[in-house]
Each structure stands twice: as C-alpha cells, then as structure tokens.
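Peer 1: Take this structure, written in structure tokens, and hold onto it; I'll ask about it next.
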Amino acid sequence: MMPLDPSLLSPGQRLEQAIFTRQGVKLIAAGIALTESMIRSLHDLTTVKDGSGRAWNLVLADTPAEVRAAALMHEAPRPAPGAPSPTDVVTDSGELAIEAGQPIEPLHDEAFAYGAFAHPDKREARRTRAARMRLADEFVASLEPVWDSIPIKIKAVTSGAEPYERPVRKHGEHWPSDEKLSVFRAERVEAVRRIIGRCLAGVRTNVAEPLAIVDELIELARKFPARYAQLGLGASRAPDYLPDHCYTTAVLAVGIALRLGWGDAEVRSAGLAGMLADLGMAAIPIEARHATRALTEVEVNRVLRHPAMSVILMDVIDGLPEPVRRAAYQHHERDNGSGYPNRLKATKICDLAKAVAVADAYAAATEPRNHRQAKRPYAVLEELINLGSQRMYDRRFVRGLVEQCGLFPVGSYVELSTREVGRVIGAHADGVDRPIVRVVTRGADGPVEGPIVDLGEFEPWALHVLGPADAPWIDAGSSKRSG
C-alpha cells in the first residue's frame, strides 16, 4: 500500500492497484482507465478534511485488508435489526454498505456475514461523500462508449404467439394452489434479497445465480402462459420491500419480452435487468424509501442517482451481459424526454430499458406503500395505456404488459355478466378481455372462494366481464364498480 498523489495521474492511465480512501472505501478498481473528470474528483478528495482536521489521503492498495490494517479499522458489531448504525460500515471488499445513523435491515445481512468494519472517524465527511458520488457517475459515463456500440432495438424472432399457444391441458392443471404459490414466491424473493445483499456488500457473484431465477420464470411462462402473471401479481406483496419489487419486475419483464417475440438471450437479459435495475435503491436508507413525508433535497438527489448506483453495484456480478447494465441505467428514462438521469428521448432509449420501465412502473404502482394502499390493478393499467398514448412509455411494451396480465389484470376483481364477482387469476394474450377468474362471494366470516371460470371457454354473449369491481368483503354490494 502507498499514498496516492493525483497530480501524478494522467487521462487514459490504467492503474495496477485499486484506489481507496483512508476509511477503506474503494473508489476505483484496478484496471479502469482514468478520465480527466475522475482525476479532478480525486484531487478534490485529497483536499477534504474530516471532523478532526486531518486530511483525507488516498492510497493505492491491492486489497481492502491492507487499508484496514493501516487505518486501524475494527470489526463492526452488528446492531439490532432496525437500530441505527453508530458508524459508517465498510465491507470486506471495500464497499460503504451502511452509513452512520442508517437503520439496519435484512439487506445488510451479507455485509456482516462476509465482514463489516468501522473506521475511528465513524463518519465520512460530507464533501468526501459528494466527491465519491461524482466518481461513481464518472465511472458510469466511461461505460457509455461501450453501450453506444450495442444495438438499441431488439428484433422479434417469433410472432410472440408461438411460445404462448394455448396448452391442451385445462387452465388449472399442475398450477400450484394459492398457498403453495405464496410459499414459492417467498422463497424466490428471499433468494433475490440475498443477491441484492451480496451486491451491496461487494461480494463477487456469478451471473448464474440470478440467471437461475430468470430461467425458471421463462420456463414457467412457456408452460403456463395464462397463469404466469400470478407469480408476480397474485400473491401477497410486502409494503415497499425492495426484493419483492425486484422479483415482481423480473416476472413482468420476462412476460413482456416473450410477448414481443424476443429471442432467448434477450428474454433472459430482460429478466436480469428487471431484477437488478433497482439495486441502487438498496444504497438509499430505508427511512427515505419508506418516507411518508416529502423527501429532502439530498434524498431526492440520491433517488435520482439510483440508476447509476445500480450500475456500480452490478460490477461484482461476473458474466453479466453489458446490455443489462445499460438497461438498468436507462429504465427511468421516458420516451417524451421527461425521465432521468439524462432526459433521453425514445430513439436513444434501448428496448431492454423500455421493457423494464413498463414492468417497474406497473409493479411499483400496484404495491402497497406505507403512505397508501396499493392502487387497483385496472386503474394502473388504464393509466399506463394513457401514458403510452402520450408517448411517455412505448406503446409496444404497454401492449405486451396487457397481453401478459390481461385488460383486467391478474390480482384484480371483476363483475361478470352473471352479477358474480371474480378474482382474476389468469389472462389470455389472444383475448385480453376474457380472463380466468375465481368466483368470490361475501361470507359471514369473510370471503368465500367458489369455482374457477375461464371466460375464454365461453362465447362473449354467454359470459363476459361487465367491468372492474371491488372485492366482496370491501363493499356489501358485489356489483359495486371500481376505477
């Protein structure tokens, strides 16, 4: 390990060792080509002082352990869940995973499992943190020439209907019960949580781990096209629980990609991008993610920067296709130029990002939040269709979502022409207004589930949907309409 003088650096230089702060935080990995803006930010870091008045020096080192030994860092004890961390916590790989004062949550499990350390200074200086954030943005900017060489558009290899030919089996055969489906989903969400935690902790992870979850989704989508959306929308979903949202977005992104007729590689990339696009939100303290108040300017800025943080955190996933990182960075861009971080317009946004944007927006709007109930699925879909017509979202991808989830989406309630109310549990791409429903009535002790009815097996004049409805236990009149 040796001190670093940024004045000796030059643009285009590739360092043989990584650059760290005295707190043990890795700033730039070995082998990355330096840019002028990176070097300017490193200069800023050498002039910043902490609360004791000491200069924050930069060092070159092969491993974070060298920096920890020189800086006399100590192992950080794990606070109780929900308790604020007394110090900044730096992981064994040199990632600042937890900030001083940030409540401890399950996403931090891997940080402590693989080694968590604290510096005597306890907290990074504000100006140091700002300079470090600029370095993250500059690293992402250095990837853009690589991204520019990747085609933006994805060509369909099938009509989109081929993987979705209606199976000979009946609609419910071999599909799990609601109880088994909830267990299945909870296990996958927990697997996603571990992946997010490992990325946040800077632990090397092979792409095969998240890809196994995506490949399972693709297989289920092809086996059970009408019921597939239940994996994302039919089970109970936790309020603002990041891994839950990431899994739901992956489910929907895979479904949209298949509906558009993309090839296997592109569908897999869509699933990976859906799962990982919001990795950067894990770096935002939970009190900001759960806030029922207006966010502060600092918090808003961090939310706006989470796509760049997602790209940074993905750097530990070995074998991740580069289009996935670009899609994660662009997934909050909007076709009309109203998105962030770069206000790109339609022709500059990659198709993968457009697929994730629609999946992410639908998943987020239909999730419960601390300050509101989940929005009705039909109302969310109607809003997305309207926004598509206003060129905020690409209408092709909104149509893919409708074909996947149905015009009356999975998880919503509808009033049938028989005046019965049904919970939508499946959808047909070739009949988006002909869902599969489970009849539900209001009983003395709560909802009573009745038979499953596939409207695709009836002529429209014999049985059809009158419109969306509230759940029977919400309103005594089963025919009450909802928006």
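Peer 1: Out of all the residues in region 391-444, which are within 24 Å of W461 (Cβ to Cβ), in a loop (DSSP other than H, G, I, E, B) and among the aliphatic types (A, V, I, L, M)?
Peer 2: Selection gives L407, A429.
Peer 1: Another one. Hand me the list of strands (runs of 3 or more DSSP E) wholly inside region 1-84 holding 3 or more residues that are at pLDDT below 90. Steps first, please.
Peer 2: Numbers: elements: 2-4, 18-21, 26-28, 58-61.
In region 1-84, the matching strands (runs of 3 or more DSSP E) lie at 2-4.
Peer 1: Considering only residues that are hydrophobic (A, V, I, L, M, F, W, C) and touching a strand residue (DSSP E or B) at 6+ places or on another chain (Cβ under 6 Å), which ones fall in region 186-228?
Peer 2: The initial filter retains those residues of region 186-228 that are hydrophobic (A, V, I, L, M, F, W, C), namely 186, 189, 191-192, 195-196, 199-201, 203, 207-208, 211-214, 217-218, 220-221, 224, 226.
Residues satisfying the conditions are L200, A201, V207, A226.
Peer 1: Now, a different point. Out of all the residues in region 377-398, which are crowded, with 18+ Cβ neighbours inside 10 Å and over 12 Å from V358 (Cα atoms)?
Peer 2: Hits for region 377-398 are P377, Y378.
Peer 1: In the list A186, A238, A221, which residue meets the criterion of being modelled with pLDDT under 95, part of a helix (DSSP H, G or I) and surrounded by fewer than 18 Cβ atoms within 10 Å (Cβ to Cβ)?
Peer 2: Details: A238 fails: part of a helix (DSSP H, G or I); A221 fails: surrounded by fewer than 18 Cβ atoms within 10 Å (Cβ to Cβ).
Within the list A186, A238, A221, the selection yields A186.
This table checks each residue for (1) surrounded by fewer than 23 Cβ atoms within 10 Å (Cβ to Cβ); (2) in contact with a Phe, Trp or Tyr (Cβ under 9 Å, 6 or more places away or on another chain); (3) of a type in the set (K, R).
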| site | (1), (2), (3) |
| --- | --- |
| D244 | no, no, no |
| V254 | no, yes, no |
| V267 | no, no, no |
| G271 | no, no, no |
| L276 | no, no, no |
| I284 | yes, no, no |
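Peer 1: List every residue pair whose Cβ atoms sit under 7 Å apart, with the two residues 6 or more apart in sequence or on different chains, where the first one lies in region 59-77 and is without any contact (Cβ under 8 Å) to a residue 40 or more places away in the chain and more than 16 Å from P3 (Cβ to Cβ) and the second, anywhere, is in a helix (DSSP H, G or I) and of a type outside the set (D, E).
Peer 2: Close Cβ pairs satisfying both conditions: none exist.
Peer 1: Across region 144-158, what is the number of residues that are part of a loop (DSSP other than H, G, I, E, B) and not hydrophobic (A, V, I, L, M, F, W, C)?
Peer 2: To start, the set of residues in region 144-158 that are part of a loop (DSSP other than H, G, I, E, B) comprises 149-158.
Within this subset, residues satisfying the condition of being not hydrophobic (A, V, I, L, M, F, W, C) are 149, 151, 153, 155, 158.
Residues meeting the conditions: 5.
Peer 1: Mind checking which residues of region 317-345 are within 17 Å of the chain's Cα centre (by Cα), farther than 15 Å from A361 by Cα and either assigned to a loop (DSSP other than H, G, I, E, B) or modelled with pLDDT under 95 (or both)?
Peer 2: Residues satisfying the conditions are L320, P321, P341.
Peer 1: Give me the pairs: first residue in region 106-129 and among the polar types (S, T, N, Q), second residue in a loop (DSSP other than H, G, I, E, B), beta-carbon distance under 6 Å, and six or more apart or on different chains, which are they?
Peer 2: Every condition considered, the pairs that remain are T128/V48; T128/W56.
Peer 1: Taking into account only those residues within region 291-316 that are among the charged types (D, E, K, R) and closer than 21 Å to E333 by Cα, which is modelled with the highest pLDDT?
Peer 2: Taking region 291-316 first, the residues among the charged types (D, E, K, R) are 293, 297, 299, 302, 305, 315.
Filter again for closer than 21 Å to E333 by Cα, leaving 297, 299, 302, 305.
Numbers: E297: 85, E299: 83, R302: 87, R305: 90.
Ranking the candidates gives R305 first.
Peer 1: Exactly one condition in (1) in contact with a Gly (Cβ under 7 Å, 6 or more places away or on another chain); (2) not in a helix (DSSP H, G or I) is not met by T248; state its number.
Peer 2: With respect to (1) in contact with a Gly (Cβ under 7 Å, 6 or more places away or on another chain); (2) not in a helix (DSSP H, G or I), T248 is out only on (2).
The values are calculated or read from the model by the stated rules, or taken from the named source; none is laboratory data. Remember, predicted model here, so these are calculated numbers, not experimental data. FYI the Cβ positions are ideal-geometry reconstructions off the backbone, even for glycines, and counts take in every protein chain you see.
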